[in-house]
Amino acid sequence: MTGTLGVMDQEEYDSTLDTMRHSRRVDELLLQVIIALQQRVTRHDLSKMAPPEKAVFDRVTPRLKHSTYGSEEYKASLADMGEVLVHHYGANRHHPEHYETGISGMTLVDVIEMLCDWKAATERHDDGSLARSLTIQEGRFGIEPQLMAIITNTATAFGWLPSPAVGDVDDETGPPTRSVELEDPER
């Protein structure tokens, strides 16, 4: 029976079945994303393990470890990689350089893999810092503020960056954003 606005009376409708169907559909869609991420887990940077990349990465990687990300020494090492670096970017879609439009051409799965790659890369440097790397990447790739906030929130939620202290305010960016909770027992 419908009320005066053309909707079923609230007493007659039980949303449980519709909610369960919706929830199961979200499960299916999330599993698609999980499968895509699992594929990235098994394929990340495999191009580094074979020609033409392997020999160059064998030569340059030790130099990168002892350089500061973004420094002139670091940039010289990348330049020394020449066409092999172009090949690497072309073979690996988690690099903004893979796309003609940079980060704008990426999917969320690409962005997640990119962030994980950046985090792992900072761990290979003697003085690696994800916070410093993100600041450099933001300018290097023209990352828009909204996406940068999402990337930063994700890194913070996983404990890769410290949570901002309450009351910490940067005059240029405003108040800190709330970090994402990884588990919410109320959901």
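A few comments on the model shown:
- Pairs with Cβ under 8 Å, 6+ apart, first in region 105-124 and over 16 Å from residue 69 (Cβ atoms), second β-branched (Val, Ile, Thr) and loosely packed, with under 14 Cβ neighbours inside 10 Å: 108/33; 109/33
- Which numbered condition residue 63 misses (of (1) farther than 20 Å from residue 112 by Cα; (2) among the basic types (Lys, Arg); (3) without any contact (Cβ under 8 Å) to a residue 12 or more places away in the chain): (3)
- So residue 160, is it within 22 Å of residue 40 (Cα to Cα), of a type outside the set (A, V, I, L, M) and outside any helix (DSSP H, G or I): yes
- Among the criteria (1) under 26 Å from residue 29 (Cβ atoms); (2) touching a residue at least 24 places away in the same chain (Cβ under 8 Å); (3) among the basic types (Lys, Arg), the one residue 93 does not fulfil is (2).
- Residue match in region 7-18 (condition: among the polar types (S, T, N, Q), free of Cβ contacts under 8 Å to residues at least 24 places away in the same chain and in a loop (DSSP other than H, G, I, E, B)): yes
- Restricting attention to region 129-141, the residues that are in a helix (DSSP H, G or I) and either under 14 Å from the mean Cα position of the chain (by Cα) or under 15 Å from residue 155 (Cα atoms) (or both) total 9.
- Top-ranked residue in region 142-157 [being small (Gly, Ala, Ser) and assigned to a helix (DSSP H, G or I); ranked as farthest from residue 101 (Cα to Cα)]: 157
No value in this document is a laboratory result; all are computed from the given coordinates. Given the structure is predicted, the values throughout are model-derived calculations rather than measurements. Positions of Cβ are generated from backbone atoms using ideal geometry, with glycine treated the same way; all protein chains shown enter the neighbour counts.
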